[in-house]
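What follows is a short report on a single structure.
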Amino acid sequence: MEVKELTDKLIELAFAEDIGDGDHTTLCSIPETAIGKARLLIKEEGILAGVEIAKIVFHHFDKNLSVEVFINDGAHVKPGDVAFIVSGKVQSLLQTERLVLNIMQRMSGIATTTNKYVKLLEGTKTKVLDTRKTTPGMRMLEKQAVKIGGGENHRIGLFDMILLKDNHVDFAGGIENAIHGAQKYLKEKNKQLKIEIEVRNFDELNQALNTGGADRIMLDNFTPEQTREAVKIVNERVELESSGGITFDTIRQYAECGVDYISVGALTHSVKSLDMSLKAIE
């Protein structure tokens, strides 16, 4: 399914759960012919994300709404900044307000958090990756926000990469079986997907290296000292990713070990939304 199709389905579902059989508050208090304007006001410092999606939401609901953008996705914003002004039927403005804010606040919070992690890694070769720990239905937008914040997307879902995690390895009967099974599957299905395998200790790391076939190895819950040793052992033969319990306070330590990637679930699973409002103006 394409990104646009998924976004359209998300917007339709969001309107369905919010408006139902009608926004009776707006319909009873605002004439259908009333025209007005509203501005997106930033109330907290951070990285702006969701402007382009907001335009899609407005036009999905009412193609005659007009959006004048002053600040684009990815910009650093501060309290008092006005990102855009939207004008058109007041009924449409009121019925789209909450969905636009929900999306933009969430996306901007993710972009802001991601950007803080990215800045911590300046001067290293390490890139920050997101995970699948996203809000159901919102993944495409949340991963887009990670990119806007300067991070990188891991896989989008279960379909665009082979990631053999601990449970896959255990159920498959070990590292070698898991990798060989992945290779056999890709050959039979004629698919070109990267293979990544998670290892929990040096024994599994050496098994993965001896088996070969993996494009990337994920070091799960390794300490910084263990990670540094693993980097030496691998010696750039495959990409290395650190994962598991890495925080804002420890991420720099892991990056300085020389890994290629660090995946951080906190980019999407426990983010504070960025404060902003959509208010009527004269």
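The values are calculated or read from the model by the stated rules, or taken from the named source; none is laboratory data. Predicted, not measured: the structure shown is a model, and the values here were computed from it. Using ideal geometry, Cβ is built from the backbone for each residue, glycine included, and neighbour counts are taken over all protein chains shown. Surface accessibility is based on the protein's heavy atoms, side chains included, excluding ligands, DNA and RNA. Shrake-Rupley method; radii C 1.70, N 1.55, O 1.52, S 1.80 Å.
Computed quantities for the displayed model
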read-out	value
Cα-based reach from K143 at 12 Å (exclusive), listing aspartates and glutamates while leaving out same-chain residues under 8 positions away	D130, E152
Listed pairs K43/K272; K78/K116; K4/K189 exceeding 23 Å between Cα atoms	K4/K189
Portion, in percent, of the accessible area of the chain that falls on carbon or sulfur, probe 1.4 Å	49
Antiparallel DSSP beta bridges within the chain, as percent of all bridges there, nearest 5	50
Coil-residue GluC sites (Glu not before Pro) of region 98-205, DSSP, other Cβ within 10 Å capped at 12	E122
Degrees, to the nearest 10: 224-234 long Cα axis against longest axis of the chain	60
Globularity ratio of the chain, using Cα Rg and 2.2 N^0.38 Å	1.21
Tilt relative to the chain, helix 175-189 - C-alpha long axis, 0 to 90 degrees, to 10	60
Dimensionless Rg ratio for region 122-177, taking C-alpha atoms and the 2.2 N^0.38 Å reference	1.42
The chain: angle of helix 139-148 to the longest principal axis, Cα-based, in degrees nearest 10	80
Per residue, in Å², the accessible surface of the chain once ligands and nucleic acids are set aside, probe 1.4 Å	51
MRE, 222 nm, helices only [DSSP H, n ≥ 4, -39500 (n - 2.57), over the chain, to nearest 500]	-14000 deg cm²/dmol
Eligible lysines near K89 by straight Cα distance, threshold 20 Å, same-chain separation 8 or greater	K37, K55, K63, K279
